[in-house]
Amino acid sequence: MTGVLKVDDIQDAGANSIVSSNGSGTLTFGSFSAPNITASTAILPDASDGAAIGSASLEWSDIFLADGAVINLGDDQDVTLTHVADTGITLNSTNKLMFNDASQFIQGSSATVLSIGATDEIDLTATAVDLNGTLNVSGVATFQATPVFPDGSLALADLDIDGGTDIGAAIVDADLFIVDDGAGGTNRKVTASRIKTYAGFTATTITGTTALAVQPAADDEIIISDAGTLKRLDIKHIQATPAFAAQTSSSTATAHNTYTKVQCDSEILDSDGTYDNSTNYRFTPGVAGKYFIFGMVAQGSGTGVNNMERQYTAIYKNGSKVIQSVHDGRNNAFGDTFSGTCTIILDLDADDYVELYTKPLDGGSANCNYYTDSTCFGGYRIAGV
């Protein structure tokens, strides 16, 4: 039959519309089933966002798309998934593949950069994670175990300690440093004490340094080698101090045949302020050690010319006589003036004290005078012993 068949509606036996026309070229299909539906161009919904493929209770099983197929998403197709034959799929532009919300995503943020974002953390669970490139950590990298480097080394350029916490105290011998052992690429630890030993110097090391133009102060320090260990030493330990010397400022009467303390009240030297020249006229060293102590007393007769028999000069330690000298004129003519000198080396503790005493014996049993210019008392610590 040749011609045109015009119908507005095709119905099944139950009067259900299978295909209907609106008279303007648009066909509306009712529910039907068929083994296959073939379309030459497209299958379209009746309006934008107006129909679904499948439903919550009737799902399609599989979708088959050709090589290079594109899934366009959005009213303006701003997001696309493109099939790359035998390779994978591509998410267009810098769009993100998001999880839960916009804060968790994978994104090609540029043509060469892949970004992975999360609000709190990203967990990578695997036996091994290979990073073939440079790992740039802008925050804090926390290791749950000791990191292992392929060759056991850490490049010096990669070791940044500028932001590290200061030790907050002086370096001690047990502190550790890292060294390249023999410049052979093997890092080893070394104690500060070894560095001190290595950094020891000789006399030539200090050539050209500024010379001290004054007498060193007691608390000035020098460096010595104590059996191979460098130590600092206060200069006072090698100086002959404490040291003192004093003399009498006036002639003073002393009792006949009685030991009397000599009042040397005019200081010549008192390096450490350890000589009392106003009250007890004694030397209390303040530092334990061996001390050279000396005294000299010159006395004149109290009764007249050539009447002195004997004159004793003595050094006392802690109130007791430890040594004396005697000028005895009895075997010769008695004299008008006798003098005596007494010296001794004493072991003194810091709080021990020494004093100078004299005892004249006058033929007339009279008091005698000791003279200013010839009476003195002094001493000093012997350094090095």
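Summing charges over all other residues whose Cβ lies under 9 Å from the Cβ of Y357, with Lys and Arg as +1 and Asp and Glu as -1, gives +2.
Take each peptide in 340-346, 45-51, 319-325, count the other Cβ atoms within 10 Å of every residue, and average; sorted highest first, the result is 340-346, 319-325, 45-51.
Rounded to the nearest Hz, the phi-derived 3J(HN,Hα) couplings of region 357-362 under the Karplus curve 6.51 cos²θ - 1.76 cosθ + 1.60 (θ = phi - 60°) are 10, 9, 9, x, 10, 9, where x marks glycine and proline. Positive contributions from Lys and Arg (+1) and negative ones from Asp and Glu (-1), summed over other residues with Cβ under 15 Å from the Cβ of I222, come out at -2.
Counting only residues at least eight positions apart within a chain, or on another chain, the lysines with an alpha carbon under 23 Å from that of K236 are K290.
Read-outs throughout are calculated quantities, based only on the coordinates presented, and are distinct from any laboratory measurement. Every value quoted in this text rests on a predicted model; they were computed, and no experiment measured them. Positions of Cβ are backbone-derived with ideal geometry, glycine not excepted, and every protein chain shown enters the neighbour counts.
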